[in-house]
Structures are given as structure tokens and as C-alpha cells.
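What follows is one structure encoded as C-alpha cells, with my remarks underneath.
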Amino acid sequence: MREEKEKVRRQKAKGKRQKAPYAQCCVPRAASRVPTEIRNQKSEIRSPFPFCLLPFAFLLLPFFSSSAQEQGLRLDIEFKGARTSAPILARATLAYSGGRLLEGRLELVLRSAGQVIATCRSGELALAPGGGEKAFDLLLPISWSGLRDNELDVYPRFITERGEIRLPRVLRPLPEAWERSCVVAVSRIREVSGEGRNRMDANLGLEQFRPKLPERSRRTLSTTTVGIAPDDLPIQPLAYTAFDLLFLPGKGFAFLRDSQLAAIARWVRAGGSVCIVPSGTLTKGHVQFLNGLGDGGPLFLLDAAGQLVANGKPQVSGKCSAHLLRAGLGRAAVITATPDDKDYDFKASAPWRSILAFLWRIRAAQLDSIRQDGRWRSDLHFNVALGDEDFPIPDEGENRDAAFEARLGALRADGLPAAGLRLMPQEVRRISFAAVLLVLALFVVLIGPVDYFLLGLLRIRKFTWLFLPIVAGLFTYFMVRLSEYYMGMHDRRHAVVFVDVDHKGEPVRQCRFELLFPGRERVLSMPLKSSLLNVVQYGRVSGQAFQRRGPIPQMEGGSGGGDPTLCLEGSLLGQATATHTVRQWSPVLYRTFSLDPPDHAMKIDWDAVTLLDFARAEDRYRVPEKLVGSKARDCAFFLFNRRDYYPLGGNLRAYAFLSQPLFGRGDTVLQAVSSPPQYGLFSIVSQVSPTGAVQCEDMAMIDPTDPTKWLLVVVEAVGDDLFVYRRIYQE
């Protein structure tokens with residue numbers, strides 16, 4: 001039995017050996033066929049799979065960006081001039097011809113020489129189907145110090161929930177770096193918008209007082225006249241920061257609403273200039289507006305026919321008669337008589353020169369020359385690098401006038417970037433070099449001798465690969481905690497707030513300089529309510545350079561210390577939110593300009609002091625007690641007249657920001673922003689209308705060549721912040 005089983009096993013083994021050659025020949029063929037069939041089956045299975053995604057692809061199509069022509073959307077942007085060192089006012093009009101409701105936001109990316117300088121996003125907009133337009137004003141924040149080109153590229157797009165709609169790029173030319181551009185806004189009816197050679201609104205520019213220049217010399221100063229329909233004038237006071245002067249003739253004034261008049265009045269009281277030529281039928285609101293610009297009683301009345309009647313003698317009489325009013329920090333000229341002669345030469349008119357000199361706030365040293373000869377003096381110029389002496393221009397005649405003209409475009413170096421560093425928190429400490437060496441020595445000892453001998457003693461030297469990363473991680477964590485202990489993780493803020501008051505003691509504007517020392521890197525969100533925000537300085541400053549548009553801090557590593565680009569979202573003239581990316585332990589200096597009163601206001605009795613208290617030294621030292629009474633010990637008081645500076649109480653050196661010397665000068669920040677030296681445009685004018693810009697030229701208060709003006713300054717410390725109150729006293 002056993003033998004039979006062995007025989008059967010041998011026969012089976014012999015049969016397998018005989019079939020092996022056949023198997024070796026057949027297996028490769030079978031193997032070559034089977035993969036092909038498998039691949040065919042896989043391709044048959046995969047081929048219908050992309051077609052299954054087609055319905056989803058059609059659903060995703062609206063989420064991809066499309067062009068404006070495909071959606072029936074058109075954007076028109078009308079720029080209202082470009083004033084140097086000021087935001088640009090633009091009117092955006094969206095026209096929509098689509099067949100469904102379109103909801104979203106308009107985004108404008110502002111670029112200069114390929115670099116993003118600002119991003120603006122409007123609030124929620126709803127465009128009805130079937131056609132229609134939606135117009136609104138935009139105040140574009142332009143950082144003139146950071147411009148690298150004389151062109152502004154605007155890249156607009158309309159962002160919806162389904163995606164974005166690309167709109168055509170808009171190109172706006174800007175003034176050259178050497179040019180000083182002024183803007184005059186004229187409220188005129190569209191039907192009568194033509195300009196004549198001798199029309200009044202064609203003779204509002206400051207450059208008409210320029211002496212005769214050589215033919216090939218460069219004209220630095222220029223004025224652009226922008227016509228705006230009365231209905232399109234903004235109702236927000238900040239919108240008028242885009243203009244140097246506002247001209248309201250005839251119907252352009254009569255057609256204004258009460259909300260527009262209120263906005264203009266607030267802007268004028270904060271330092272603006274307005275010229276009004278009332279005519280036709282007016283309302284009580286117009287008369288209240290005109291009387292509100294004066295300091296005394298009612299200057300104007302309405303007769304039974306609704307015509308304006310002047311209740312007093314004009315300061316300027318002749319064919320051009322005008323009432324010159326000082327409204328707060330601003331100027332207003334109400335022209336009650338105009339020449340009937342169509343060929344009347346305004347440039348040769350002495351009354352017209354006096355009106356323009358008042359509106360443009362010509363310096364006292366230039367007034368006689370402009371009123372008599374209609375030309376400014378070119379021998380009055382201040383060189384910022386030579387101290388307090390007048391800079392003698394060596395050339396005579398036309399060459400001297402050309403050299404003076406070339407300097408009008410320069411922006412003042414007010415030294416605020418360097419002064420901002422004086423607001424750095426005093427408790428910030430750096431890690432000492434000895435501490436760093438000690439930590440490094442401990443780390444080397446642990447990964448060296450301790451690792452070798454300790455693990456060898458314990459006979460676990462094979463765990464060296466685990467011991468080293470553990471020690472490195474622990475030391476990294478320790479160094480982070482040590483740096484946080486020295487530098488801190490919380491934000492530190494220090495601010496200096498300038499509050500300017502009018503003759504009634506009411507705040508008309510405020511300018512806030514705030515230094516932020518971030519404890520960590522993040523996107524900072526700042527709510528803005530009727531205010532303008534600018535980044536004066538960001539990152540780590542390694543020095544300063546006077547570049548073509550003013551002093552710009554030089555950052556180590558380029559812009560690695562921070563990003564100067566602001567992103568504004570919301571109503572750009574009302575409620576808005578500004579976002580700014582800040583880096584850890586990199587200081588940022590912001591300037592916020594607003595026409596609203598500050599949250600904190602010190603009670604100061606300004607009327608208790610008169611000009612008689614400034615005449616003698618013994619009387620001046622009684623001023624602090626008259627102003628604030630017993631609180632005089634907690635404040636500092638300073639008095640300015642021309643180039644003279646009188647400390648009435650307290651030491652200016654105790655306030656690092658206010659006592660910071662300027663670039664190339666001995667003046668302090670407080671003196672320079674209050675009484676600017678004769679440099680650039682300030683060789684002709686003493687003040688400019690509000691801008692809210694980085695250069696802070698609009699903070700000037702008094703004329704250093706006018707002995708009749710006195711500036712009283714009160715400094716109050718509130719926690720870590722300083723409040724600087726300023727008021728003008730004039731004979």
C-alpha cells in the first residue's frame with residue numbers, strides 16, 4: 001500500500017516536470033495579454049469620470065473672475081485735482097446694465113511705479129437690474145513721501161459673493177516731485193461752466209503774483225481750478241482737505257443745501273479758505289452761514305425780496321468790495337460788489353490783490369510788495385541748513401527770481417520721524433550680551449561634557465540622538481520666554497495730541513501722533529470716525545535722508561520692519577476701518593487728523609488772558625494761574641511771538657517729542673509746527689488749508705514775520721499721553 005502511494009507521487013511529480021516547458025512558454029503570452037485587458041478595463045472605467053464633474057464645473061463658473069463687459073458694469077472716476085501733500089478727492093460712478101441684482105463692494109488698489117501705496121474698499125453697494133447709475137465720493141489717501149513716480153495707477157474691481165468683476169485700469173497723472181500743485185474748487189452750474197479770460201474764478205491762483213521769469217526757467221508753483229456742480233459738493237468736512245481754496249459764486253452758493261454749508265463752515269473754522277460772491281435769492285440758512293463766519297454780531301441780513309444786505313462797511317472797497325472775515329483758524333471773503341466791466345483786469349486791481357492776499361494768508365513780510373506791485377519778493381528765503389539767518393540768493397534780477405521759484409516746491413523737513421522715536425516706552429529693555437553668553441555657555445556644556453559623561457555613566461549613550469533635540473528645544477523655549485520678559489508681549493502706546501481752539505476756546509481740529517510698539521506680529525484694525533490716518537514712520541530707523549519729497553526714514557532691510565500700506569474699508573468719508581500689518585517690536589508712528597473735538601479736553605479759561613498780559617515779563621508769569629488756577633503746577637505753558645519763545649511754566653526739555661530738534665535746524669518740533677520758518681512755500685504764505693498729510697504743513701498757526709500775533713500753548717500730561725492746546729491772540 002505504501003509502495004502504491006509512492007508510485008503515484010512519483011508519477012505526479014514526473015507529469016509536472018513535463019508540463020513545465022509548456023507553462024514557461026504560455027505564461028509570458030498570457031502575461032502580455034492580461035495587463036492590456038486590465039488597462040482597457042481601467043480606461044473604460046475612468047473615461048466617464050470627468051464627465052460627472054461637468055455639472056459642478058458649470059456651478060463654479062460664476063465664482064471665477066470675469067470682465068466688466070461681460071457683466072454690463074462700467075466705472076467712471078472723476079478726479080478733483082491733485083493737491084500736493086493732500087488726499088485726492090474723486091467721484092466714482094458705477095453704471096450697471098445687467099439683468100439681475102448685483103451686490104458687492106468696490107475695491108481700488110492704488111499703485112505708484114508698481115508699488116502698492118493704499119487699498120480702498122467701499123461699503124456694501126447694491127446695483128438694481130435694468131440699468132442705472134450710483135455715484136459717491138472717495139477720498140483717496142496718498143502718501144506723497146512714498147511716491148516714486150508722477151503717475152497714479154488705480155486698479156479697480158467689484159467684489160461679490162460669487163467672485164470678482166475686473167474693471168479697466170485708471171491712470172491719473174500727478175505733479176512732479178519738484179512741483180507745488182494747488183487746487184481751487186469752484187462751485188458752478190454746468191450750463192454756465194465756460195471760463196473767460198478775465199473771469200474772477202480764472203484769477204484765483206497764487207502764481208499770478210510771480211515775478212517775470214526767464215523763458216526757459218521752470219514754473220514750480222501751479223494752481224488747478226476744478227469745477228464742481230453745487231449738488232456734488234460733499235457734505236463731509238474732511239473732503240475739503242483736497243482743496244486749498246473754495247470759490248462759491250452766484251448760483252453756486254445759492255443752490256447749496258444746509259448740510260453742505262455746515263460742512264464748509266467746519267472746514268473753514270479748522271483752517272480752510274472760502275471766497276463767496278452771493279447773488280440772487282437766498283435763504284435764512286445762507287445768512288446764518290455767512291454770519292457764523294464772523295466774530296461779532298450779524299453782518300448780513302435779508303430784505304423782503306430775499307436779497308442779501310450788508311450790515312457794515314467792507315474792509316476792502318472799490319469796484320471789488322469785500323468783507324474779510326476770520327472764522328476760527330480759517331479765512332472767508334464775502335464779495336458784495338463786483339465790476340460790471342467785462343474787460344476788467346483783476347490782476348491789476350489793488351482790491352483784488354488784497355482779497356487774494358487775505359485768502360492765501362500771505363506773510364506780513366510779503367504783503368506790501370504784493371499789494372503795491374502785485375509781485376512777491378524773491379530776496380526773502382530761508383535755508384533750512386543755515387540756522388536762523390536769511391539765506392542770501394547771490395543772483396540778481398530774473399535769475400534770482402528763478403532760483404526762488406525753484407525752491408517753492410520743496411516740502412518742509414519737520415523732523416517728526418526722528419521725534420517719534422522719542423515716544424518709545426522707557427520700560428523696553430534689550431537682552432544683555434552677558435545673558436546671551438551665559439545661555440550659550442550652558443547650552444554648550446549640556447550638549448558636550450554632560451551628554452558624554454552623564455550618558456556614559458548611566459550606560460545609555462545610545463540615546464544621545466534624543467538628548468540633543470530635547471535640550472535644543474528647551475533652550476529655544478527659554479530664550480523666547482527670556483526675550484518676552486525683557487521686551488514684553490503687550491502693545492505699548494504713547495500719543496501726543498495737538499488740540500487747536502478758536503477765539504471762543506472751542507476745539508476746531510485735532511492732530512494725534514501715536515507711537516505703537518507692537519508686542520506681536522498681527523494685522524491691526526483701527527476704526528476711523530471722520531478722521532484721516534497716515535503712517536509717518538514704520539520699522540526700525542537707522543538714519544534719515546532728505547529725499548525728493550521730504551525726509552523719509554531709512555529702514556534696515558528695506559521694508560522688513562513693517563508695511564506702510566494702509567487698507568481702508570467702509571465709507572471713506574465717514575465710518576471706516578483701517579487695517580495695517582505691524583511686526584513684533586517694530587515701532588510705528590501714526591498721524592490721525594480730525595475736525596471733531598477730542599475725547600479728553602482740559603478746562604482752560606482762555607478769556608481770562610488778553611494781549612496786555614504778554615507785554616511785560618512779570619505779567620506773563622501770572623498767565624498759567626489765570627488759565628487753569630491750581631492745576632498750573634501739573635502743566636507747562638509756552639508763548640510764541642515771531643521767532644521769540646517764552647517759557648511761562650515748566651520745562652520744554654521734559655517733553656522729549658516736543659523738544660526734538662529738526663533736521664538741519666535748531667528749532668524744536670513745537671516751534672517749527674507752530675511758527676514755520678521761511679522755507680519753500682512758506683516763504684510766501686504763513687499757513688495752508690488742512691491736509692492731514694505726513695508733512696504736517698497744515699499745523700502752522702502764526703506768522704513769524706507778524707509781530708501782532710501771539711500763540712499761547714498749554715501742555716498737559718494725561719497718563720502716557722500729552723495734550724497740547726494752542727490758541728492765537730491777535731491785535
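The values are calculated or read from the model by the stated rules, or taken from the named source; none is laboratory data. Because the structure is a prediction, the values reported are computed rather than measured. Backbone-built Cβ (ideal geometry, glycine too); neighbour counts: all protein chains shown.
Numbers for the structure displayed
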| quantity | calculated |
| --- | --- |
| Qualifying residue in the stretch 408-421 (condition: modelled with pLDDT of 80 or more and at positive phi) | no |
| Residue ID - surrounded by the fewest Cβ atoms within 10 Å (Cβ to Cβ), chosen from residues in the stretch 164-184 that are of a type in the set (Lys, Arg), within 26 Å of residue 105 (Cβ to Cβ) and touching a residue at least 60 places away in the same chain (Cβ under 8 Å) | 172 |
| Selected residue (criterion: nearest to the chain's Cα centre (by Cα)) from residues of the stretch 277-292 that are assigned to a loop (DSSP other than H, G, I, E, B) and in contact (Cβ under 8 Å) with a residue 24 or more places away in the chain | 278 |
| All positions within the stretch 493-530 that are touching a helix residue (DSSP H, G or I) at 6+ places or on another chain (Cβ under 6 Å) and surrounded by fewer than 16 Cβ atoms within 10 Å (Cβ to Cβ) | 505 |
| Residue match in the stretch 508-519 (condition: outside any loop (DSSP other than H, G, I, E, B), among the polar types (S, T, N, Q), out of contact with any strand residue (DSSP E or B) (no Cβ under 9 Å at 6 or more places or on another chain) and at pLDDT 85 or above) | no |
| Residues of the stretch 574-587 that turn out to be surrounded by fewer than 21 Cβ atoms within 10 Å (Cβ to Cβ) and within 12 Å of residue 120 (Cα to Cα), as a count | 2 |
| Enumeration of residues in the stretch 642-699 that are closer than 23 Å to residue 508 by Cα and of a type in the set (Gly, Ala, Ser) | 672, 674, 675, 686, 689, 692, 693 |
| Flag for residue 571 being at pLDDT 80 or above and within 21 Å of the chain's Cα centre (by Cα) | no |
| From the options 154, 116, 184, residue that is touching a Leu at 6+ places or on another chain (Cβ under 9 Å), in a strand (DSSP E or B) and either among the polar types (S, T, N, Q) or closer than 30 Å to residue 332 by Cα (or both) | 184 |
| Condition met for residue 82 (assigned to a loop (DSSP other than H, G, I, E, B), touching a Leu at 6+ places or on another chain (Cβ under 6 Å) and not assigned by TED's automatic domain parsing to the domain that holds residue 694) | yes |
| Check on residue 274, farther than 30 Å from residue 575 by Cα and assigned to a strand (DSSP E or B) | no |
| Exclusive hit being outside any strand (DSSP E or B), more than 26 Å from residue 690 (Cα to Cα) and modelled with pLDDT of 90 or more, set 351, 339 | 351 |
| Residue count for the stretch 235-271, restricted to those that are part of a loop (DSSP other than H, G, I, E, B) and surrounded by fewer than 16 Cβ atoms within 10 Å (Cβ to Cβ) | 1 |
| Verdict on residue 648 being under 26 Å from the mean Cα position of the chain (by Cα) and either over 30 Å from residue 121 (Cβ atoms) or not assigned by TED's automatic domain parsing to the domain that holds residue 497 (or both) | no |
| Residue, farthest from residue 537 (Cα to Cα), within the stretch 474-505, restricted to residues that are acidic (Asp, Glu) and either in a helix (DSSP H, G or I) or in contact (Cβ under 8 Å) with a residue 40 or more places away in the chain (or both) | 502 |
| Residues satisfying the stated conditions in the stretch 92-110, i.e. of a type outside the set (Asp, Glu), in contact with an Asp or Glu (Cβ under 8 Å, 6 or more places away or on another chain) and loosely packed, with under 15 Cβ neighbours inside 10 Å | 93 |
| Odd one out for residue 646 among (1) part of a helix (DSSP H, G or I); (2) over 30 Å from residue 246 (Cα atoms); (3) not β-branched (Val, Ile, Thr) | (1) |
| Residue within the stretch 596-611 that is more than 30 Å from residue 537 (Cα to Cα), touching a Lys or Arg at 6+ places or on another chain (Cβ under 6 Å) and exposed (fewer than 15 other Cβ atoms within 10 Å of the Cβ) present | yes |
| Pairs with Cβ under 7 Å, 6+ apart, first in the stretch 561-575 and assigned by TED's automatic domain parsing to the domain that holds residue 240 and within 24 Å of residue 237 (Cβ to Cβ), second crowded, with 18+ Cβ neighbours inside 10 Å and modelled with pLDDT of 75 or more | none |
| Any hit, the stretch 302-319, residues being assigned to a loop (DSSP other than H, G, I, E, B), surrounded by 20 or more Cβ atoms within 10 Å (Cβ to Cβ) and under 40 Å from the mean Cα position of the chain (by Cα) | no |
| Answer residue from the stretch 649-686, given it is hydrophobic (A, V, I, L, M, F, W, C) and part of a loop (DSSP other than H, G, I, E, B) and is modelled with the lowest pLDDT among those | 663 |
| Test for residue 325: is it within 33 Å of the chain's Cα centre (by Cα), part of a strand (DSSP E or B), under 22 Å from residue 356 (Cβ atoms) and among the hydrophobic types (A, V, I, L, M, F, W, C) | yes |
| Single condition residue 113 does not satisfy, out of (1) surrounded by fewer than 16 Cβ atoms within 10 Å (Cβ to Cβ); (2) touching a strand residue (DSSP E or B) at 6+ places or on another chain (Cβ under 6 Å) | (2) |
| Members of the stretch 306-344 that are among the small types (Gly, Ala, Ser) and either closer than 20 Å to residue 287 by Cα or touching a residue at least 60 places away in the same chain (Cβ under 8 Å) (or both) | 306, 310, 312, 321, 322, 327, 328, 330, 332, 333, 337 |
| Unmet criterion (only one of (1) surrounded by 15 or more Cβ atoms within 10 Å (Cβ to Cβ); (2) in contact with a Leu (Cβ under 8 Å, 6 or more places away or on another chain); (3) touching a residue at least 24 places away in the same chain (Cβ under 8 Å)) for residue 295 | (1) |
| The listed residue being assigned by TED's automatic domain parsing to the domain that holds residue 202 and within 26 Å of residue 509 (Cβ to Cβ), out of 312, 285, 306 | 285 |
| Of residues in the stretch 623-648 being of a type in the set (Lys, Arg) and either touching a helix residue (DSSP H, G or I) at 6+ places or on another chain (Cβ under 6 Å) or more than 26 Å from residue 721 (Cα to Cα) (or both), the one modelled with the highest pLDDT | 626 |
| Residue in the stretch 152-162 that is closer than 30 Å to residue 219 by Cβ, among the acidic types (Asp, Glu) and modelled with pLDDT under 85 present | no |
